[in-house]
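J.: Got a structure for you, written out below as structure tokens; questions coming shortly.
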Amino acid sequence: MDKLQNIYDHPDFYEGYRSLRENPVNYNVLLEHPALLSLLPDPTGKDVLDLGCGFGEICALCAQRGAHSVTGIDLSQRMLAAAERENGGRGIRFKQMDMSQIGELGQHFDLILSSLAVHYVEDFAALAKSVADCLRPDGVFLFSQEHPIGTCHIDETAPYWVYGEDGRALYHPLNDYGRPGKREITWFVDGVVKYHRTFSQLVNALTDAGLTIERMEEPLPSPELVAQYPFFEKEYHKPSFLLILARKK
């Protein structure tokens, strides 16, 4: 897991990722981020933890909305330096830490968030247990991840989309969904590692940890967004993201 998360400190990967996120026409800005914010509980007066905080935008938002405290953790020094530079202050604490170690923070939280980071974690069941242990009663765990029907593919050379003669995507082949585990892909650089889990594994890990799932979302583009950017129509064949909100009773 450490090897993968540290890929963000690889200079070529970091610059590629940064360029992607700085482009306003990207899936994070137009699909994942709005969905996450639509599920975000009111952080006013709450202690908030962001797992894999990246550039710290969600940390800054929670602080602006009146959170009592905000802690953002990430394993990448480059990401944390950018977070301090761009979203520091406001009482936010940024810390270099693997999310599997959150028990070492010695603090309980009302809200634990994670945006597109848990698919980098090898043992999601252990993470869910750690999150539950760090949540106060009635606390919320809200996370997004790459959709399981997108993380499943083992053979990177196999077609990811099947296109018609007019160039439009017809469908997304589904391969190896029932074979959970490590996936190694090329994304900006070779050797990026992620982990595929089935829906049942995700749900069971959360419930086994004592969390109750209250909401799941698979965000889809609006007709207006598709009209403006036709490539988003592919989301109706294969959504890119899965979001889950779970609560500790």
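J.: Could you check segment 66-95 and list, in sequence order, the residues that are in contact with a Pro (Cβ under 6 Å, 6 or more places away or on another chain) and exposed (fewer than 15 other Cβ atoms within 10 Å of the Cβ)?
T.: Going residue by residue through segment 66-95, those that are in contact with a Pro (Cβ under 6 Å, 6 or more places away or on another chain) are 67.
Within segment 66-95, none qualify.
J.: Right, another one. Taking the criterion of being surrounded by fewer than 14 Cβ atoms within 10 Å (Cβ to Cβ), touching an Asp or Glu at 6+ places or on another chain (Cβ under 7 Å) and in contact (Cβ under 8 Å) with a residue 12 or more places away in the chain, would at least one residue in segment 35-52 satisfy it? Give the derivation first.
T.: Taking segment 35-52 first, the residues surrounded by fewer than 14 Cβ atoms within 10 Å (Cβ to Cβ) are 37-38, 42, 44-45.
Filter again for touching an Asp or Glu at 6+ places or on another chain (Cβ under 7 Å), leaving none.
No, there is no match, as no residue in segment 35-52 is surrounded by fewer than 14 Cβ atoms within 10 Å (Cβ to Cβ), touching an Asp or Glu at 6+ places or on another chain (Cβ under 7 Å) and in contact (Cβ under 8 Å) with a residue 12 or more places away in the chain.
J.: Another one. I'd like to know if segment 15-34 contains one or more residues that are in a helix (DSSP H, G or I), among the acidic types (Asp, Glu) and surrounded by fewer than 20 Cβ atoms within 10 Å (Cβ to Cβ).
T.: Yes, segment 15-34 contains a residue that is in a helix (DSSP H, G or I), among the acidic types (Asp, Glu) and surrounded by fewer than 20 Cβ atoms within 10 Å (Cβ to Cβ).
J.: Here is a further query. Would segment 168-177 turn up any residue that is buried (at least 18 other Cβ atoms within 10 Å of the Cβ) and out of contact with any Cys (no Cβ under 8 Å at 6 or more places or on another chain)?
T.: In the first step, residues of segment 168-177 are kept if they are buried (at least 18 other Cβ atoms within 10 Å of the Cβ); the result is none.
Checked against the condition, which is being buried (at least 18 other Cβ atoms within 10 Å of the Cβ) and out of contact with any Cys (no Cβ under 8 Å at 6 or more places or on another chain), segment 168-177 yields no hits at all.
J.: Filter segment 124-172 for residues that are of a type in the set (S, T, N, Q) and in a loop (DSSP other than H, G, I, E, B) and give the result. Show your work before the answer.
T.: In the first step, residues of segment 124-172 are kept if they are of a type in the set (S, T, N, Q); the result is 130, 144-145, 151, 157.
Once the filter is applied, which keeps residues that are of a type in the set (S, T, N, Q) and in a loop (DSSP other than H, G, I, E, B), segment 124-172 yields only THR157.
J.: Then there's this: Given the criteria part of a strand (DSSP E or B), without any contact (Cβ under 8 Å) to a residue 40 or more places away in the chain and touching a Lys or Arg at 6+ places or on another chain (Cβ under 9 Å), does THR186 qualify?
T.: Values: part of a strand (DSSP E or B): yes; without any contact (Cβ under 8 Å) to a residue 40 or more places away in the chain: yes; touching a Lys or Arg at 6+ places or on another chain (Cβ under 9 Å): no.
Against the criterion (part of a strand (DSSP E or B), without any contact (Cβ under 8 Å) to a residue 40 or more places away in the chain and touching a Lys or Arg at 6+ places or on another chain (Cβ under 9 Å)), THR186 does not qualify.
J.: Looking only at segment 77-105, filter to residues that are part of a loop (DSSP other than H, G, I, E, B) and out of contact with any Asp or Glu (no Cβ under 8 Å at 6 or more places or on another chain); which one of those is nearest to GLN64 (Cα to Cα)? Quick ask: steps written out before the conclusion?
T.: Taking segment 77-105 first, the residues part of a loop (DSSP other than H, G, I, E, B) are 88-91, 97-98.
Next, only the ones that are out of contact with any Asp or Glu (no Cβ under 8 Å at 6 or more places or on another chain) stay: 88-91.
Details: GLY88: 12, GLY89: 11, ARG90: 8, GLY91: 10 Å.
Only one residue tops the list, namely ARG90.
J.: Next question, about the same structure. Of all residues in segment 194-220, how many are touching a helix residue (DSSP H, G or I) at 6+ places or on another chain (Cβ under 7 Å), under 19 Å from GLY139 (Cα atoms) and of a type in the set (Ser, Thr, Tyr)?
T.: Residues in segment 194-220 being touching a helix residue (DSSP H, G or I) at 6+ places or on another chain (Cβ under 7 Å), under 19 Å from GLY139 (Cα atoms) and of a type in the set (Ser, Thr, Tyr): 0 in total.
J.: Moving to a separate point now. Looking at ARG93, ARG78 in this structure, which one is at pLDDT 95 or above and either more than 17 Å from ILE7 (Cα to Cα) or not aliphatic (A, V, I, L, M) (or both)?
T.: On the way: ARG78 fails: at pLDDT 95 or above.
So the residue among ARG93, ARG78 that is at pLDDT 95 or above and either more than 17 Å from ILE7 (Cα to Cα) or not aliphatic (A, V, I, L, M) (or both) is ARG93.
Yes/no matrix, rows are residues, columns are (1) within 21 Å of GLU235 (Cβ to Cβ); (2) of a type in the set (D, E, K, R):
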{"residue": "THR151", "(1), (2)": "yes, no"}
{"residue": "GLU156", "(1), (2)": "no, yes"}
{"residue": "PRO159", "(1), (2)": "yes, no"}
{"residue": "VAL162", "(1), (2)": "yes, no"}
{"residue": "ASP166", "(1), (2)": "yes, yes"}
{"residue": "PRO173", "(1), (2)": "yes, no"}
{"residue": "ARG179", "(1), (2)": "no, yes"}
{"residue": "LYS182", "(1), (2)": "no, yes"}
{"residue": "ILE185", "(1), (2)": "yes, no"}
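J.: Go over the candidates ARG78, ARG93 one by one and state the one that is in contact with a helix residue (DSSP H, G or I) (Cβ under 7 Å, 6 or more places away or on another chain) and more than 24 Å from ARG247 (Cβ to Cβ).
T.: Working: ARG93 fails: in contact with a helix residue (DSSP H, G or I) (Cβ under 7 Å, 6 or more places away or on another chain).
Going through ARG78, ARG93 in turn, just one is in contact with a helix residue (DSSP H, G or I) (Cβ under 7 Å, 6 or more places away or on another chain) and more than 24 Å from ARG247 (Cβ to Cβ): ARG78.
J.: For segment 36-55, name all the residues that are in a helix (DSSP H, G or I) and closer than 23 Å to ALA132 by Cβ. Even if it seems obvious, please write down each step before you answer.
T.: Applying the first criterion (in a helix (DSSP H, G or I)) to segment 36-55 yields 36-39.
Result: LEU36, LEU39.
J.: Also, quick follow-up: Give the number of residues within segment 99-119 that are of a type outside the set (A, V, I, L, M, F, W, C), modelled with pLDDT of 95 or more and surrounded by 15 or more Cβ atoms within 10 Å (Cβ to Cβ).
T.: Qualifying residue count, segment 99-119: 4.
J.: Return the residues of segment 200-225 that are closer than 12 Å to ILE244 by Cβ and either surrounded by 14 or more Cβ atoms within 10 Å (Cβ to Cβ) or at pLDDT below 95 (or both); say none if nothing qualifies. Working first, answer last.
T.: Filtering segment 200-225 for residues closer than 12 Å to ILE244 by Cβ gives 202-203, 205-207, 211-218.
Once the filter is applied, which keeps residues that are closer than 12 Å to ILE244 by Cβ and either surrounded by 14 or more Cβ atoms within 10 Å (Cβ to Cβ) or at pLDDT below 95 (or both), segment 200-225 yields LEU202, VAL203, ALA205, LEU206, LEU211, ILE213, MET216, GLU217, GLU218.
The values are calculated or read from the model by the stated rules, or taken from the named source; none is laboratory data. Note that the coordinates shown come from a computational prediction; the quantities given were computed from them, not determined experimentally. Methodologically, a virtual Cβ is constructed for each residue, glycine included, from the backbone with ideal geometry; neighbour enumeration extends over all protein chains shown.
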